[in-house]
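Read the structure below first, then the notes.
The values are calculated or read from the model by the stated rules, or taken from the named source; none is laboratory data. Just so it is clear, the model here is predicted, and its values are computed rather than measured. Cβ sites come from the backbone with ideal geometry, for glycine too, and all protein chains shown count toward neighbours. The area values use the complete protein model at the heavy-atom level, side chains included, leaving out ligands, DNA and RNA. Shrake-Rupley method; radii C 1.70, N 1.55, O 1.52, S 1.80 Å.
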Amino acid sequence: MAPTKQAPTRQAITLKGSTNLVTEFFKYAVNTILFQRGVYPEDDFHMVKKYGQTVLVTQDLALENYLDKILKQVNKWLLTGGVTQLVLAIISKDTRTPLERWVFDINLVEQPAGSSEVPPPKPESEIQAEIRYILKQIVSTVTFLPIMDEPTVFNILAYTSESADIPADEWVDTDPLAIEASKSQQVKLRSFSTDVHRIEAMVAYRYDG
Amino acid sequence: MAHASLERQLATARTAKVELESKLREKDVLIERLERDRRWLAEREKEEREEKEKDRAEHEEDKRKSDNELRSLRASLRSLTEQHADLGEQHTELSRSTSQIIATQKSQLSTLERQVRLLEEEASEFRHIAEERSRTIQEVQDRFDELTMSQDTYTRNGSDDENWAVVREELHRQANYLRTLESSNAKLNQELAVFRERHVSIEVLREEKRGLEKKLHGAEELRERVVRLEAEVEASRKEREAWASKAAPSDTPSKTPVSVTQSLSSLRMAHARLLEDHGATSALLRQREAELADAQRRESESHGSLEKLQSEVRVSKDIIAKKDHKVTLAEREVGFLQALVASYSAEEAGQEDGNVDEAKTQHIQDLESLLAEFKTRIRVLEREIDSLGGDPALLGKVQSASEKHLEKIEELEQTLFELRGEVGGGRHVPPGIRVLSLRDNPAQQWADLRQEVMDRLKSENEALMKRLKELEESGAGSGKAQHNADEELVPRESWEVVNKEKKELEDVVKQKEKRLLRLQQVFASKSAEFREAIASILGLKFAFYPNGQVRVTSQYDLSASFVFQPTPKAEGGGAKMQLIAQGEGGPIDLPQMMQYWVQTEQCIPGFLASVTLECYDKWKREQQEGVSKRFCEDNQN
């Protein structure tokens, strides 16, 4: 079954292909987090089959537009390598304190210098499996993250290099929404990599223990 | 006669012939028998020959087997001899090592014994010395006491006081010094000689002291003499005074004080000499001590270097032994191979079969070349090991270093994780990185919304406060402010808020109304549909009144209409209908039907059905009549 599924002569993944894959991953990761952490009401989400599993995606038009706008820009930045980190910060509505920061580190995969031969391209099924594992892990974090019993709102931050091309009318410099050092805990999540990008996920959260 | 003779001859000839024939027959029989014998013999011979062949084949087989066996035995012999040589070598090695160990242990034992003896000797010596010392110290103490006593008595001699104090002090010092010396003596065995010298010097001192004592005795006498002389001096002074009183004073210094000063100076001299001696001996002592320390240091150094050299020697010996071993191994290997080759060639020569195929020799050559290759490889590896230090200690060091590095790596990973947490928690933004967010993000929207509400409330609050103040002022100023209050009872801001709220509510109301209207429309259309459906199915038209009454009219006779009313629930339970009125039309036998269906059977559907049937019949009749009437009219026309 496996050999028929994977074309053996598949070319190595291109930068564009990898970028699209990563962008798509962000879309589903953000949706999953927003659903799992109850930032938006559950009724706003509908089920979609993706990566061989069911993923919940928002139906809220405003939110969809917002995400689309961000992801489009992120896609551009990924192509130029201008973005190093994406952060989904969940903030308390009443006190405006940051409660959780979902951090996605974006690294370029470096080919080992000296070795002239190109490593065999990573099969897409493997990449998808890695993405699936991350999404599952995000779902499972609910078990240990503190329960948020207050209304929350979220924001997405992009850590970009100084030299990155930034549409000034849409994007503004902002506060990093840091979590208080003495109350911060972090958990490293799984990572996934294409032949070009490597995404490392992590969640830092405020814990009044 | 002739004839008779002839006949006789013939008879004889005949008999002869018969005889001859019988003889011939006998011969034939003989020949036949002989032939049979010969055949038999030939068979025997053949059998024998076959047997012989078989024997020879077996023999050859046996021989081949024995040859093989011989070969295998030879090989095993060779391997066994090899093993034997190995074992012998191991044995010699082991015996060598054991003998070496025994020798080293013996030497260690002897050195230890020697050391023990030496130590014991030293210990006894020290005990002896200690006793001696204590004795001498006791003596010195005694003498010292005596001396102090004598000094006490001597202090009366005023001019000597200072000297005696010095001497006493010196003595004290020396006693102290002796004590310290004793303690140091007990500790340091190497200082034995020095202390002996010291002891000698103490002897000298003792001698000196004895001399001093003697002198002291002399001094006692002298004192007595001095007393006597003083008395004499007193007497002579008196005499002189007497003389002076009598005649001119004469300057004749007495002779006794001169002798005393002389003895004193001699004592002082002796004391100085003693001090000098003491200084010399102590200097000597220092020198010796320094020398000793130097010697000890040198000894330890030489020990260290010796150990180092020994270890080096051991290492080199090991290396040599290893090399030797290797050489012997190689030699043996060569010998073995040669023997193998020789045996092979011998076998080849002996067998003469020419069956030692070239493949085998080729194989052997291959193996030899392989062996040579391996040897070179081993040499290269050894050289590498040598260049790397060849020392297991170095290897261990490298390993420990790598372990340390691993630990460090782990630590660094931990710190990396923590630092990642710092970045992830947003507390640290790496340099050269901008943190951006979309201008129009949900958090901002929420904040803006809140800000707006807040601003509005603030402004309203401010206005209200202002108003309150005004009212207070007006309350103070009574009627004058009345006019103003009429003008603006509520601040504009509040009014705006209320207005906005009103507008919003109006919007809501409008929406609701619209929705209601839509619902009503839907309801109306639905109910019309429903009624039509019932009319076409049951032939009855329904009209529902708001008070719950239902008017039912037959489709076929519009004058036949009935009004029903639902019975109160308490009575029938459920929505039973009650006939309460009827139209003026209807079938002729309506009262009977009502009587039967409604009152007797209490079945309104049955009543309505029969009414419908009646009405339909009537309607149908009327229709036909109408048609025929029209037909007639048409015909008439």
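The table for this structure:
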{"item": "Looking only at the stretch A:50-88, and only at residues there that are within 14 Å of chain B (Cβ to nearest Cβ), in contact with an Asp or Glu (Cβ under 9 Å, 6 or more places away or on another chain) and not in a helix (DSSP H, G or I), the one that is farthest from A:N107 (Cα to Cα)", "result": "A:D60"}
{"item": "Test result for A:E42, away from every other protein chain (no Cβ under 14 Å) and open to solvent by 20 Å² or more (accessible area, probe 1.4 Å)", "result": "yes"}
{"item": "Options A:I106, A:I131; residue that is more than 14 Å from chain B (Cβ to nearest Cβ), under 16 Å from the mean Cα position of the chain (by Cα) and crowded, with 18+ Cβ neighbours inside 10 Å", "result": "A:I131"}
{"item": "Residue that is farthest from A:Y159 (Cα to Cα), among those in the stretch A:198-209 that are open to solvent by 40 Å² or more (accessible area, probe 1.4 Å) and either within 12 Å of chain B (Cβ to nearest Cβ) or assigned to a strand (DSSP E or B) (or both)", "result": "A:Y207"}
{"item": "Given (1) open to solvent by less than 70 Å² (accessible area, probe 1.4 Å); (2) more than 10 Å from every other protein chain (Cβ to nearest Cβ); (3) under 30 Å from B:R439 (Cα atoms), number of the condition A:P123 does not satisfy", "result": "(3)"}
{"item": "Search result, residues across the stretch B:194-212 that are open to solvent by 60 Å² or more (accessible area, probe 1.4 Å) and closer than 24 Å to B:A295 by Cβ", "result": "B:R196, B:E197, B:V200"}
{"item": "Subset of the stretch A:89-101 (residues that are facing chain B (nearest Cβ under 9 Å), out of contact with any Pro (no Cβ under 8 Å at 6 or more places or on another chain) and in contact (Cβ under 8 Å) with a residue 40 or more places away in the chain)", "result": "A:P98, A:R101"}
{"item": "A:L56 being over 30 Å from A:E180 (Cα atoms) and open to solvent by 70 Å² or more (accessible area, probe 1.4 Å)", "result": "no"}
{"item": "Scan of the stretch B:431-449 for residues that are exposed (fewer than 11 other Cβ atoms within 10 Å of the Cβ) and either part of a helix (DSSP H, G or I) or more than 7 Å from chain A (Cβ to nearest Cβ) (or both), ordered by number", "result": "B:P431, B:L449"}
{"item": "Selected residue (only one of B:E26, B:E69 is over 60 Å from the mean Cα position of the chain (by Cα), surrounded by 10 or more Cβ atoms within 10 Å (Cβ to Cβ) and part of a helix (DSSP H, G or I))", "result": "B:E26"}
{"item": "Pairs where the first residue, in the stretch B:426-439, is over 23 Å from A:Q185 (Cα atoms) and the second is open to solvent by less than 50 Å² (accessible area, probe 1.4 Å) and small (G, A, S), C-beta under 6 Å, 6+ apart", "result": "B:L436/A:A158"}
{"item": "Subset of the stretch A:144-177 (residues that are open to solvent by 40 Å² or more (accessible area, probe 1.4 Å), in contact (Cβ under 8 Å) with a residue 12 or more places away in the chain and within 7 Å of chain B (Cβ to nearest Cβ))", "result": "A:E170, A:T174"}
{"item": "Some residue of the stretch B:450-460 being away from chain A (no Cβ under 14 Å) and aliphatic (A, V, I, L, M)", "result": "yes"}
{"item": "Test result for B:R288, in contact with a helix residue (DSSP H, G or I) (Cβ under 7 Å, 6 or more places away or on another chain) and within 30 Å of B:R379 (Cβ to Cβ)", "result": "no"}
{"item": "Residues that are within 14 Å of chain B (Cβ to nearest Cβ) and either farther than 15 Å from A:F144 by Cβ or open to solvent by 30 Å² or more (accessible area, probe 1.4 Å) (or both), drawn from the stretch A:185-197", "result": "A:Q185, A:Q186, A:V187, A:K188, A:S191"}
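Let's see how each residue does on (1) at pLDDT 90 or above; (2) surrounded by 11 or more Cβ atoms within 10 Å (Cβ to Cβ); (3) under 27 Å from B:I202 (Cα atoms):
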position: B:D86; (1), (2), (3): yes, yes, no
position: B:E93; (1), (2), (3): yes, yes, no
position: B:Q100; (1), (2), (3): yes, yes, no
position: B:V116; (1), (2), (3): yes, no, no
position: B:L119; (1), (2), (3): yes, yes, yes
position: B:E125; (1), (2), (3): yes, yes, yes
position: B:E132; (1), (2), (3): yes, yes, yes
